[in-house]
Amino acid sequence: MAKRGGFPGGMPGNMNNLMKQAQRMQRQMEEQQKELEEKEFTASVGGGVVKVTVSGKREVTNVELAEEAVDPDDIETLQDLIVAAVNEAMRQVDEASSQSMGKLAGGLGGSLGGLGGGFPF
């Protein structure tokens, strides 16, 4: 009759290692998130007539407009340029965040690579 409960083959030791790795990874994620939040990302559009700076917290911190970008008869173009610059700066934040998390995930694969083999799901 099969023994119920427990983890045959020394699994508790592996679980302890897994928990330590998860805690280490969580600390690294928190550190990387803090580093990202302290960075600034600047996007320039329209040949440099509109520049927008966004923090890693996804907050617009600065908008620079060249004088030639401000045409009272064509506010719509200026609005479009601002939207494009903000979207590009936000894309830069997303890309930096993805790269940061990708580094963590890459390290995770090597240490947990054999984990899925023993589970039926």
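Please identify every one of the GluC sites (Glu not before Pro) in the range 7-102 that sits in a loop by DSSP and has no more than 14 other beta carbons within 10 Å of its own beta carbon.
Filter output for the range 7-102: Glu59.
What is the distance in Å between the Cα centroid of the range 58-88 and that of the range 24-39?
31
Can you work out the PRE-style zone for Gln21? Point 7 Å along Cα to Cβ, and I want the residues of the range 86-107 with backbone N under 17 Å.
102-107
Counting other Cβ atoms within 10 Å of each Cβ, which trypsin sites (Lys or Arg not before Pro) in the range 7-97 have at most 16 and sit in a DSSP loop?
Passing both the DSSP loop test and the Cβ count: Lys39, Lys57, Arg58.
Which order do Ile75, Ile82 fall in if you start with the one that has the fewest other Cβ atoms within 10 Å?
Neighbour counts put them in this order, fewest first: Ile75, Ile82.
Run through every distinct alpha carbon pair of the range 22-72 and return the Kirkwood hydrodynamic radius in angstroms, one decimal place.
When all Cα pairs of the range 22-72 are included, the Kirkwood radius is 12.9 Å.
Every read-out reported here was derived from the displayed coordinates using simple, explicitly stated rules and does not represent laboratory data. Worth saying up front: this structure is predicted, and the values here are computed from it rather than measured. Using ideal geometry, Cβ is built from the backbone for each residue, glycine included, and neighbour counts are taken over all protein chains shown.
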